[in-house]
Amino acid sequence: RAYDSDRNSLAATDELKTTRYAHVISLLSSLLSPGWTIRCTPFTIGVRGSIDVARWTENLTHLGVPHAKVQDILQRVVDCTLDGLLAIRAARYAALIPTDSAVETHLAVTD
């Protein structure tokens, strides 16, 4: 996942993914019958839910998703990403809060 703090990080992550799979694409392309093509189609989401709307729209359209459904997909992707972020933060917060049993264990060990 890309960081959201730099406006170029999403594009840089897409480029990294495309470069990483270039060799595999080349190899598979050499094995295909004429007329078939392979393309790396990255769908990068920033850690805070940001997406490159133009790139996602282009990629979804390339995959045959009807234009009328693209906006709904984009919104659902962001919503799910933010839900995941909230769950991770809640888990981190819960891990930092000492429970009664953890405090009792600590007191028993230090006495």
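The values are calculated or read from the model by the stated rules, or taken from the named source; none is laboratory data. Values in this document were obtained by computation on a predicted structure and should not be read as measured data. Don't worry about glycine lacking a Cβ; one is built from the backbone with ideal geometry, like all the others, and counts go over all protein chains shown. What goes into the accessible areas is simple: the full protein's heavy atoms, side chains included, and nothing from ligands, DNA or RNA. Shrake-Rupley method; radii C 1.70, N 1.55, O 1.52, S 1.80 Å.
Summary of computed values
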quantity: Residues (within 11 Å of the chain's Cα centre (by Cα) and either closer than 20 Å to Ser9 by Cα or open to solvent by less than 30 Å² (accessible area, probe 1.4 Å) (or both)) located in segment 70-81; calculated: Val77, Val78, Thr81
quantity: Within segment 2-69, helices (runs of 4 or more DSSP H) holding 2 or more residues that are aliphatic (A, V, I, L, M) and either surrounded by 14 or more Cβ atoms within 10 Å (Cβ to Cβ) or touching a residue at least 40 places away in the same chain (Cβ under 8 Å) (or both); calculated: 9-20
